[in-house]
Each structure stands twice: as structure tokens, then as C-alpha cells.
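The values are calculated or read from the model by the stated rules, or taken from the named source; none is laboratory data. Just so it is clear, the structure is predicted and the values come from calculations on it, not from any experiment. Heads up, the Cβs are rebuilt from the backbone with ideal geometry, glycines too, and the neighbour counts pull from every protein chain shown. Surface accessibility is based on the protein's heavy atoms, side chains included, excluding ligands, DNA and RNA. Shrake-Rupley method; radii C 1.70, N 1.55, O 1.52, S 1.80 Å.
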Amino acid sequence: MVNTTLGCVQTIFNCEQTMARSACVNFYKCNMYLLGYLNAAFSYNLIFADVPEPWQYGFQDPATPVMEGIVDLHHDICFFLIVILVFVLWMLSRTLFYFNQSRNPIPEKIIHGTTLEIAWTIAPSIILVLIAIPSFALLYSLDEMVDPAITIKAIGHQWYWSYEYSDYTASDLQNIAFDSYMLPEEDLEAGQLRLLEVDQRVVVPVNTHIRMILTAADVLHAWAVPSLGLKVDCVPGRLNQVSMFIRREGVFYGQCSELCGANHAFMPIVVEAVPLENYIEWIANKIQESA
């Protein structure tokens with residue numbers, strides 16, 4: 001495939017050099033082949049990273065507006081960090097270069113400088129304000145609860161999760177509820193992830209406002225899914241809630257993020273976002289199973 005692509009590039013280059021495109025029989029075919037090749041490469045780049053990777057130091061790809069805001073805020077703060085780092089290193093370098101015993105044997109006797117002190121007080125204050133404005137906006141957006149179309153309750157146990165969909169039944173005694181356990185390594189199929197795959201996923205529709213209600217049955221847990229920008233404590237006897245709006249289809253992996261005992265590392269979370277039609281079909285199957 002690579003040789004064919006290089007041959008097409010050479011053919012097109014020769015046609016451009018001779019300025020006789022009509023004389024090149026394979027010019028059109030090579031153009032179409034290259035377009036298909038680039039399209040395949042571009043599609044490959046659109047594969048999202050919704051699972052931890054070895055030696056990963058960056059974020060997973062965002063799937064919600066909240067996570068996009070977190071990533072943008074991180075990048076903005078990193079910009080200020082780099083500017084301050086470069087400035088401090090520049091000042092230290094100049095100080096070490098010019099103010100040493102060989103270049104300046106008699107030290108300067110400067111006690112204070114009003115202008116300098118005002119500058120290094122106001123400049124950090126301005127930087128903090130520039131950081132605070134988007135961070136407060138993001139913080140309040142995390143607590144904003146838009147009128148949800150779906151409510152899901154997650155309950156943390158030692159050491160598994162329980163989920164309840166209570167919007168689709170007339171009685172509180174009969175609702176869609178299931179437990180989600182980590183799949184043992186010997187039961188994994190090809191392509192499934194060790195310590196992250198579960199026997200029953202949380203299925204939700206895309207482009208839908210969803211409310212998660214979270215609690216725990218025994219000890220403290222935390223329901224965390226990095227790609228969704230969520231990390232909520234699950235406290236026994238208390239209900240916490242969070243809103244999420246998933247923009248794209250995918251399978252998003254998370255884990256319990258609060259130390260909860262010996263098997264704390266074996267409480268994965270898997271959220272599968274599907275089109276609305278698939279979600280309705282999944283709900284209908286669950287209702288039939290519980291009937």
C-alpha cells in the first residue's frame with residue numbers, strides 16, 4: 001500500500017513538472033487513491049482514547065462539555081505556567097551571569113524598590129484573576145442541573161456497583177436494576193480490557209441530559225469516569241447528584257476513586273453511549289427481563 005501511494009505521488013509530481021495533466025493516464029486514478037488513503041488516515045486519527053494507556057500523562061479524550069472545559073482550563077493554566085517559568089529562568093540566569101564576584105565584586109546595596117514591588121504584586125494578581133474567571137465558570141457549570149430526561153442511581157458496594165433506572169416503571173417496587181461486577185481475567189474476550197471490563201454496562205443515549213444519583217451501601221466510594229469529567233463521592237446515607245451530557249457514541253471506562261477496602265482496585269465502571277434508538281431497544285429488553 002505504501003509503495004502504491006509513493007508511486008501515485010511520483011506520478012502526480014511528474015504531471016505537475018511537465019504541465020501536461022491530460023497526458024497522464026493515471027493522474028485521475030492516483031488522485032482518487034490518495035484521497036482515499038488520506039481519508040483512511042484521517043479516520044484513524046479520529047479514534048478516541050477513552051481508556052487509560054501505559055505511561056499516560058495527559059487527559060483522555062473528552063466526551064462531555066464539562067470535560068472539554070476542564071481540558072481547556074488546564075491548557076490555559078499551562079500557558080501561564082510556561083510564561084512564568086520562562087520569565088523566572090531568565091531572571092535567574094541574568095542574576096547569576098551579571099551579579100557574581102568576578103563581574104561585580106562590590107555588591108549593590110538596594111534595600112527596596114517601590115516600582116518593582118508594585119509590579120510584582122499587581123502582575124500575579126492579574127494572572128490569578130485571568131485564571132479565576134474561567135475556573136469559577138467551570139466550577140458552577142459542574143453543579144448546574146439541567147432538566148434531566150433520564151435519572152440513573154448508582155450505589156457503591158464492597159466491591160461492585162449497582163444501578164437503577166427508575167423512569168420506566170409505574171411502581172417503585174419494580175424498576176430496572178442490576179449489579180455490575182468486574183469480569184475476571186479468564187472470562188475476558190478478545191479486545192476486552194483487563195481490570196476495566198464489567199459484566200453489565202451502564203447504557204445511556206447520546207445528546208441527552210442525564211442525572212446521576214450516587215450513594216454507597218457500606219463505606220465511602222467514588223464514581224469516576226475521566227472521559228466524562230466526572231468524579232463524585234458516594235457516601236453511605238447521603239445522595240449526591242451530578243449531570244452529564246455525552247456528545248458522542250463510545251464506551252467510557254472508569255474506576256472507583258476512593259479507597260474502600262482490599263478489592264478497591266477491582267471496581268471498574270463502564271458507560272456505553274449509544275444512539276437513542278439503540279437505547280430504547282436496550283430499555284425494552286431490560287423491561288422484558290424484569291417482567
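Tabulated data for the structure shown
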read-out	value
Shape of region 150-290, Cα gyration tensor, a/c cut at 1.5	rounded
Rounded accessible area per residue of region 217-291, 1.4 Å, Å²	49 Å²
Point-to-point label distance, Ala137-Leu116, nm (Cα→Cβ direction, 7 Å offset)	3.7 nm
Cut-off under 5 Å, modelled amide H: who pairs with Cys260 long-range	none
Three-way shape label, region 245-291, alpha-carbon gyration tensor, a/c 1.5	oblate
Approximate spin-label separation Thr95-Phe79, in nm, with each point projected 7 Å along Cα-to-Cβ	2.8 nm
Stretch gain in nm, segment Asn285-Thr151, where the contour uses 0.36 nm per residue and the Cα spacing is subtracted	46.4 nm
Rounded Å value of the spacing that divides the Cα centres of region 147-217 and region 98-125	60 Å
Residues whose placed amide H lies under 5 Å from that of Tyr168, excluding near-sequence neighbours	Ile176
Segments 119-127, 251-259 sorted - mean Cβ within 10 Å per residue, highest first	251-259, 119-127
Point-to-point label distance, Ser166-Arg103, nm (Cα→Cβ direction, 7 Å offset)	7.1 nm
Packing-based order for 179-188, 192-201, using average beta carbon neighbours within 10 Å, highest first	192-201, 179-188
